[in-house]
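Where a number appears in this text, it was derived from the coordinates with a stated rule and is not lab data. Since the structure is predicted, the reported quantities are computational estimates derived from the model, not experimental observations. Cβ placement follows ideal geometry from the backbone for every residue including glycine, while neighbour counts extend to all protein chains displayed.
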Amino acid sequence: MDKISLKNHAKNIRKNIVKMVANANSGHIGGALSATDILTVLYFNEMNIHAENVGGVNRDRFVLSKGHASALLYSTLHEKGLLNEDLMTFRFIDSKLQGHPNMNYVAGVDMSTGSLGQGVSAAVGMAMANKLAKNDYRVYALLGDGECQEGQVWEAAMAAAHYKLDNLVVIVDFNGLQIDGDITKVMNPIPIDEKFKAFGFEVEVIDGHDYDAIDAALKHARNVKGKPTMILAHTVKGKGVSFMEHNAGWHGVAPNAEELAKALAELEVL
Amino acid sequence: MGQATREAYGDILGQLILENEKIVVLDADLTKSTKTSVAQSKVPNRHFNMGIAEANMMGVAAGFASSGYTVFASTFAMFATGRAWEQVRNSIGYPRLNVKICGTHAGIAVGEDGVSHQAIEDIALMRAIPGMQVYQPCDATETKAIIRHVSQIDGPCYVRLGRSKVDDVFNEDTKFEIGKIHQITKGSNVCIFTTGLMTQAALKAQKKLQEEGIEMSVVNVSCLKPLDEEGVFKMLKEHDVIITAEEHNVIGGLGAAIAEVSTSKCPKLIHRMGIYDCFAESGPFEKLLVKYHLDSEDIVKKVKEVL
Ligand SMILES: Cc1ncc(C[n+]2csc(CCOP(=O)(O)OP(=O)(O)O)c2C)c(N)n1
Ligand SMILES: [Mg+2]
């Protein structure tokens with residue numbers, strides 16, 4: 001898909017994220033906007049997922065290990081035409097669009113997540129299952145950089161390299177922020193790239209808002225044999241809304257009507 | 001509306017850390033949510049952010065405690081008691097170390113974040129660890145009394161705290177006997193044991209029932225373990241109809257604890273209100289409490305049904 005179309009999809013996804021969180025008056029915007037370009041390329045260029053196969057497991061799969069970015073996943077599935085739920089029921093009672101994703105409610109949500117560090121292990125299991133079943137479906141997992149503080153992430157990394165999971169791509173949304181602020185001040189996980197290298201991963205460091213770079217890194221991973229790939233994507237938390245960018249305060253806060261209007265206006269011309 | 005119990009926790013901890021230089025506070029990237037941020041601002045060098053790594057935090061808490069410190073370790077109840085359960089059991093419970101695990105955002109009243117963040121098993125999990133004391137205050141004043149109490153006793157404690165603001169039940173003049181059950185209203189033959197925000201719901205129900213001529217004893221249980229067996233026994237003897245209400249799975253929580261006393265000391269039919277062994281969902285917390293039958297109206301209905 002060409003860059004103009006990707007950009008358009010990303011714009012729609014971002015606008016819906018902001019609307020959903022504003023409408024629910026709760027949810028996580030910052031880490032959803034930082035990974036929007038990554039998911040746009042994944043769903044529109046990379047993954048083999050469409051209306052005919054979304055209901056099953058015979059396809060590429062995606063695990064949102066940073067489950068709090070649920071609005072991003074729903075908004076992306078919606079933009080791809082795979083989700084018919086009303087996005088504005090997000091986080092309301094009786095809605096399939098749970099605050100953190102539930103795999104039994106929405107086709108295309110491949111794992112129930114929300115407790116950080118756990119999704120990536122499930123992705124390892126899926127990749128191992130694909131190897132066992134001798135199919136060539138691929139598995140993608142998106143992690144937060146703060147999430148990399150969880151010990152389980154490194155247990156998963158060890159297992160992924162041990163079982164030579166070249167069908168697994170772990171993407172770390174390197175936005176530099178977590179709830180309590182700068183990741184290096186809270187509990188420094190850096191260097192994330194060197195750590196994954198030491199664990200036996202192929203490592204690529206890219207600009208997570210550059211469609212060509214994201215695309216190239218994912219294509220490169222397809223040619224890596226005998227080991228998993230980790231893509232460290234430099235991103236901006238809150239990307240696209242000036243007053244949310246680089247601001248940990250917008251991790252889990254909903255915009256009011258005025259802020260929503262301002263955010264939508266900025267995203268329109270991004 | 002009064003403060004949320006987590007807010008009262010933050011305030012009293014901010015005071016205690018100034019009074020007691022042996023207190024250290026650990027948190028896991030949730031300082032503004034758990035309100036340990038107050039203590040952090042007062043004494044920054046005895047507050048440690050351990051990052052999003054709860055299992056390690058509990059191990060570190062054990063190390064501090066074994067070195068003579070009184071440790072307050074906070075994160076959401078889900079991660080404190082769930083993610084790190086085995087670390088709590090083996091590194092804190094087994095060596096009986098002086099760690100106060102204060103889990104906030106417990107129960108379904110977390111609201112919109114949904115099931116992954118709604119601890120409805122934490123009381124059961126913590127009660128099952130030998131020697132672990134388990135507390136759940138219902139309002140701000142009681143929270144402060146309980147936090148002060150646990151800071152003064154030796155050994156592992158779990159304190160269950162809520163996210164949402166709740167009505168004040170007690171006031172400055174209330175004399176607390178921490179560890180004992182607290183009979184707030186005196187009824188005739190109906191008695192409801194409650195913990196946490198179900199105490200407020202029961203008090204609302206009690207008023208409505210009173211208008212209809214039904215007198216109900218509301219008994220707040222803020223110390224779930226060790227349970228005040230004498231006090232519970234007395235209530236069981238004095239009332240014909242016994243109900244329990246908790247914002248927790250009916251398995252392993254307050255209802256189970258009361259039933260355990262009843263079965264060995266004073267066998268009785270016990271009507272348990274709580275989450276009936278299901279996962280809840282996302283939504284505004286008041287609506288969740290209604291949908292999962294934990295509203296004051298549900299208590300009124302239950303009383304009429306079993307009377
Ligand atoms: C095990 C666990 N601990 C704590 C939380 C609460 N929590 C939700 S998001 C978050 C910060 C995540 O930071 P990061 O991984 O950097 O995410 P991003 O910046 O991409 O939003 C925390 C601590 C959680 N969901 N799971
Ligand atoms: Mg981050």
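For the residue pairs B:Lys268/B:Lys301; A:Lys15/B:Lys32; B:Lys186/B:Lys287, the C-alpha atoms sit more than 23 angstrom apart in A:Lys15/B:Lys32; B:Lys186/B:Lys287. Placing one equal scatterer on every Cα of chain B and applying the Debye formula, the log10 ratio I(q)/I(0) at q = 0.09, 0.11, 0.12, 0.14 Å⁻¹ is -0.41, -0.61, -0.73, -0.99.
As a proxy for reagent exposure, ranking B:Cys102, B:Cys278 by other Cβ atoms within 10 Å from fewest up yields B:Cys278, B:Cys102. When the inverse distances between all different Cα atoms of the protein assembly as shown are averaged and flipped, the Kirkwood radius reads 24.9 angstrom. Along its principal axes, segment B:228-297 has C-alpha extents of 40, 22, 19 angstrom, given from the largest down. Near B:Asp167, the amide H atoms lying under 5 Å from its own belong to B:Gly2; only residues 5 or more places off or on other chains count, and H is placed 1.01 Å from N. Taking the Cα centre of chain B as reference, the dipole from Cβ charges on Lys and Arg (+1) and Asp and Glu (-1) amounts to some 440 debye.
Taking θ as phi - 60° and the Karplus parameters 6.51, -1.76 and 1.60, the scalar couplings of segment A:255-260 work out to x, 7, 4, 5, 5, 4 Hz in sequence order, x denoting glycine and proline.
GNM on chain B, alpha-carbon springs under 10 angstrom: the most fluctuating residue among B:Gly68, B:Gly82, B:Gly155 is B:Gly68.
Let me check I've understood the local charge: for B:Ile181, count other residues with C-beta under 11 angstrom from its C-beta, Lys and Arg +1, Asp and Glu -1. What total comes out? It works out to a net charge of -2. The angle separating the long axis of helix A:119-132 from the principal Cα axis of greatest extent in chain A is about 40 degrees. Rounded to the nearest 20 debye, the dipole magnitude of the protein assembly as shown is 740 debye, with +1 charges on Lys and Arg beta carbons, -1 on Asp and Glu beta carbons, and the Cα centre as origin. Legend: ranking of residues B:Asp173, B:Asp168 from fewest to most surrounding C-beta atoms inside 10 Å; resulting order B:Asp173, B:Asp168. For segment A:66-81, the Karplus equation 6.51 cos²θ - 1.76 cosθ + 1.60, evaluated at θ = phi - 60°, returns couplings of 8, x, 5, 7, 4, 4, 5, 5, 4, 5, 5, 4, 5, 4, 7, x Hz by residue, with Gly and Pro reported as x.
Within segment A:34-76, all pairs of alpha-carbon atoms sorted by distance into 5 Å bins from zero give the percentages 5, 21, 31, 26, 15, 2. What share of the DSSP beta bridges in the protein assembly as shown is antiparallel, in percent to the nearest 5? Antiparallel: roughly 10 percent of the beta bridges in the protein assembly as shown. For segment A:119-270, the dipole from Cβ point charges (+1 on Lys and Arg, -1 on Asp and Glu) about the Cα centre works out to 840 debye, to the nearest 20.
Its residues counted as N, chain A yields a C-alpha radius of gyration over 2.2 N^0.38 Å of 0.93. With the charge dipole of chain A set up from +1 on Lys and Arg Cβ and -1 on Asp and Glu Cβ about the Cα centre, the Cα lying farthest toward the positive end among the listed residues A:Ala160, A:Gly176, A:Ser112 is that of A:Ala160. If you bin all the Cα-Cα distances of segment B:5-160 at 5 Å, starting from zero, the percentages per bin are 2, 11, 22, 26, 24, 13, 4, 0. Couplings 3J(HN,Hα) of segment B:30-39, computed from phi: 9, 4, 7, 7, 7, 6, 6, 4, 5, 4 Hz, in residue order, whole Hz [Karplus 6.51 cos²θ - 1.76 cosθ + 1.60, θ = phi - 60°; x for Gly and Pro].
Set the bar at 18 Å for Cα to Cα. Now go through B:Lys208/B:Lys304; A:Lys3/A:Lys262; A:Lys134/A:Lys225; A:Lys131/A:Lys164 and name every pair that lies beyond it. Pairs exceeding 18 Å: A:Lys3/A:Lys262.
Looking at A:Pro189, B:Asn189, B:Gly59, which one has the Cα that reaches farthest to the positive end of the dipole of the protein assembly as shown (charges on Cβ: Lys, Arg +1; Asp, Glu -1)? Result: B:Gly59, furthest along the dipole toward the positive end.
Put simply, the amide H of B:Cys223, placed in the peptide plane, has neighbours under 5 Å in B:Gln136, B:Gly179, leaving out anything fewer than 5 places away on its chain. The ranking of B:Phe76, A:Phe44 by Cβ neighbour count inside 10 Å, starting from the fewest, reads A:Phe44, B:Phe76.
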